[in-house]
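The numbers here are math on the coordinates, done by the rules we state, and not lab data. A quick note: this is a predicted structure, and the numbers were derived from the prediction, not measured. Neighbour counts run over all protein chains shown; Cβ positions are idealised from the backbone, glycine included.
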């Protein structure tokens, strides 16, 4: 299956914007695409007036040219992990359901000869079901991994821990993407980037802030990312000298 799996160091670190930017940039280059997010939570949370940003699955759907319900088959109101959100609503997510959905996604993407961008939920070790995390889903799909990370204070530890967990599962980490990257990064932000690169033995790229949820704006920032290379190369873990 041709595609990328986008995870993050935490919730709210820019996974959805990164995923949508990738999709929009691919579409702009004529790449047939499909978006997938196993579950969306927090749909009952109020949206601030003038925020202009739709729920995650709707943004991904707009970028990919799909129906939103096809992007995220599981949708919940509470702002919690899918495991807890489903429990609050009196529902249940099980491992077999998620694996079956992943297998169906693989068949569809291969049949349609499309490129898929899968966005995880929360961080890599966030629970999707009992004894089944985002990391387990990523491993089952066997897609190259991108890690979205914040630029500011605290990001080094969060990012290196995520890298460690990903590699322990045997995941193919293509890059860390720091977002939103300011036009004039501070000394701290530049140092964070270089430290993650050196201590994480990983490629580090940056994604500019999207000024709106418009698809043209997402494509603009997504074009700066080397997604063609990420799709085509297997990442290598450099070892310390």
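Some notes on this structure:
- Test for residue 74: is it surrounded by 21 or more Cβ atoms within 10 Å (Cβ to Cβ) and either over 14 Å from the mean Cα position of the chain (by Cα) or on the phi < 0 side of the Ramachandran plot (or both): no
- Residue within segment 88-97 that is within 17 Å of the chain's Cα centre (by Cα) and in contact (Cβ under 8 Å) with a residue 12 or more places away in the chain present: no
- The set of residues in segment 95-125 that are more than 19 Å from residue 18 (Cα to Cα), buried (at least 17 other Cβ atoms within 10 Å of the Cβ) and touching a strand residue (DSSP E or B) at 6+ places or on another chain (Cβ under 7 Å) comprises 98, 105, 109.
Every residue, every condition in (1) part of a loop (DSSP other than H, G, I, E, B); (2) over 23 Å from residue 231 (Cα atoms), yes or no:
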| residue | (1), (2) |
| --- | --- |
| 53 | yes, yes |
| 77 | yes, yes |
| 108 | no, no |
| 124 | yes, no |
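- Strands (runs of 3 or more DSSP E) wholly inside segment 131-241 containing at least 1 residues that are surrounded by fewer than 21 Cβ atoms within 10 Å (Cβ to Cβ): 173-181, 204-208
- Number of residues in segment 123-160 that are in contact (Cβ under 8 Å) with a residue 24 or more places away in the chain and farther than 18 Å from residue 94 by Cα: the value is 18.
- If you check 31, 45, 69 for being surrounded by fewer than 23 Cβ atoms within 10 Å (Cβ to Cβ) and not in a loop (DSSP other than H, G, I, E, B), only one passes: 69.
- In this structure, residue 80 qualifies as surrounded by 15 or more Cβ atoms within 10 Å (Cβ to Cβ) and within 16 Å of residue 122 (Cα to Cα).
- Selection from segment 149-173 of residues that are within 17 Å of residue 137 (Cα to Cα) and under 16 Å from the mean Cα position of the chain (by Cα): 162, 163, 165, 166, 171, 172, 173
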